[in-house]
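The structure appears below as structure tokens.
The values are calculated or read from the model by the stated rules, or taken from the named source; none is laboratory data. Keep in mind the model is a prediction, meaning the values are calculated, not measured. Cβ placement follows ideal geometry from the backbone for every residue including glycine, while neighbour counts extend to all protein chains displayed. These area figures cover heavy atoms from the full protein model, side chains too; ligands, DNA and RNA do not enter into them. Shrake-Rupley method; radii C 1.70, N 1.55, O 1.52, S 1.80 Å.
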Amino acid sequence: MAPRKKAAKAKTKTAAKESARKAVKLKAAKKPAAKAAASNGLPRPSSKPWGQAGRALDGVRILDFTHVQSGPTCTQLLAYMGADVIKVERPGVGDITRGQLRDVKGADSLYFTMLNGSKRSITIDSKHPKGKEILDRLVKTCDVLVENFAPGALDRMGLTFEHIHKLNPRIIVASVKGFGPGPYEDCKVYENVAQCAGGSASTTGFRDGPPLVTAAQIGDSGTGLHLALGIVSALYQRLRTGRGQRVLCAMQDGVLNLARVKLRDQQRLQHGPLTEYSQYGEGIPFGKATPRAGNDSGGGQPGWILKCKGWEDDPDAYVYFITQAPAWGAICDLVGKPEWKNDPDFATPPARLPRLRHIFDAIEQWTLTKTKFEVMEICNKLDIPVGPILSMKELAEEPSLRATGTVVEVDHPTRGPYLTVGNPIKLSDSPADVRRSPLLGEHTDEILCQVLGYSAPEIVEIKASGAITAPDKPAKAEAA
């Protein structure tokens, strides 16, 4: 080949290589941006079948210092979501609820088992030097510490936020307290105290009776649910900041949040009577504060609890009936009052407000001829909103709640099968992990070895030190 042709060919080859390199370089430069634009910085969607890509909180480890109800509600929900929850308990004693309201001799109570499922239990004497060492190791390896001790108790254990954060800057410290900062922040609070201090009791009951607490545990379990949301939010923020933070939920705050419609009504009351309250229709003047409203609806649609067939023998033979405006015509036909549809005293929602007691009395004459389930079946077909008053027995035996995992039967080694409430939050790609509650200290060796990395000889030494075992009880003196 002629020298000139060889040179031209070499030049072309070099240019082609350079062009290829530039193309690769440009492609590499564009790839991250394209990927980020396509996935918003998230991993590519999993190719695994739905429900088989792991649980929502897989990889999150919770150090659980909670007891009784508010804290355990929170940590159990996180455990259902897949978190590894390590419950720390006193050797030989454990969570006080293990022995409260006990129904099976020698077995953990339902109070404990229904609030501590899907967790692991380790016993540690927090006052023992070796016990403190174990706790420090746990702090270093956990993502979240949750506690609901009395104010100052965690600090007295030597686990101040400063100490915890120094050991593990990424850990989130979450607390339930009775009150937030203010005049009552050092007070101990229990369920009914929270309901009273949060505004629920003052607005519950009938206006001619005393304030009432509700059976729903809005102070304890309600605050635990709020705390769980705070923890998950803090975990998400940690993805950006790399550090943990404090999360506080006061029981008073949680109850007030759940009773917010009554705070709404307190402000409305400054501008006139609350017309949807039945006392308005009865001509009873309002006071300065939101009153107790009996079974009045908390929304703008009037409602009341009415007797159904069999109420004389069944204390739960009732239905909640709402006279929603769009369904008014159907209601009139159903209860035999078609003339109300065009009567100016009944035809419009404002006209009906002063006559609610008379209206519900008339509707009750119809519901008394039907069972609560018949009322529900008939009304739902007509888009009339009603709800049967379901007893705990009926809920425990309801097949649909078993099918959805809302009510779950689990087996226990000492008490046998028992029912518990499963995860009330359903995630389509994260099946709930509902397992029985742990026996006291059941996972102590497992946690020491697998989580904290202690060797077998070290675990033997720890046991001998008394750091994880209950002290021997002194022998009783023989009677003379």
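Laid out as a table, the results:
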{"quantity": "Gap separating the Cα centres of the range 153-175 and the range 335-356, nearest whole Å", "calculated": "62"}
{"quantity": "Using alpha-carbon coordinates, inclination of helix 356-367 to the longest axis of the chain, degrees", "calculated": "80"}
{"quantity": "Ranked by how many other beta carbons lie within 10 Å on average, peptides 137-143, 170-176 from highest", "calculated": "170-176, 137-143"}
{"quantity": "For GLY199, net neighbour charge (Lys/Arg +1, Asp/Glu -1) across residues whose Cβ lies under 14 Å away", "calculated": "+2"}
{"quantity": "Identified option (computed Cα extents along the principal axes in Å; candidates (i) 108, 106, 46; (ii) 90, 49, 38; (iii) 70, 53, 48)", "calculated": "(i)"}
{"quantity": "Inter-centroid distance (Cα atoms) of the range 397-448 relative to the range 271-292, Å", "calculated": "45"}
{"quantity": "FRET efficiency estimate (nearest 0.05) - Cβ-Cβ, LYS127 to LYS166, R0 22 angstrom", "calculated": "0.60"}
{"quantity": "Members of LYS87/LYS127; LYS188/LYS288; LYS307/LYS341 lying beyond 21 Å, as alpha-carbon distances in this model show", "calculated": "LYS188/LYS288; LYS307/LYS341"}
{"quantity": "For the range 79-100 versus the range 189-219, the gap between their alpha-carbon centres in whole angstrom", "calculated": "28"}
{"quantity": "Mean Cβ neighbour count within 10 Å, used as a protection proxy, ranking 160-166, 288-294 highest first", "calculated": "288-294, 160-166"}
{"quantity": "Pairs of alpha carbons in the range 303-455 whose separation is greater than 24 Å (percent)", "calculated": "56"}
{"quantity": "Of all accessible heavy-atom area on the chain, the percent that carbon and sulfur account for (1.4 Å)", "calculated": "57"}
{"quantity": "Area of ARG355 that stays accessible when all protein chains are in place (1.4 Å probe, Å², to 10)", "calculated": "80"}
{"quantity": "Cα-only radius of gyration and Dmax that characterise the range 133-271, units Å", "calculated": "17.8, 61"}
{"quantity": "Residue-normalised accessible area of the range 222-289, expressed per residue, 1.4 Å probe, Å²", "calculated": "59"}
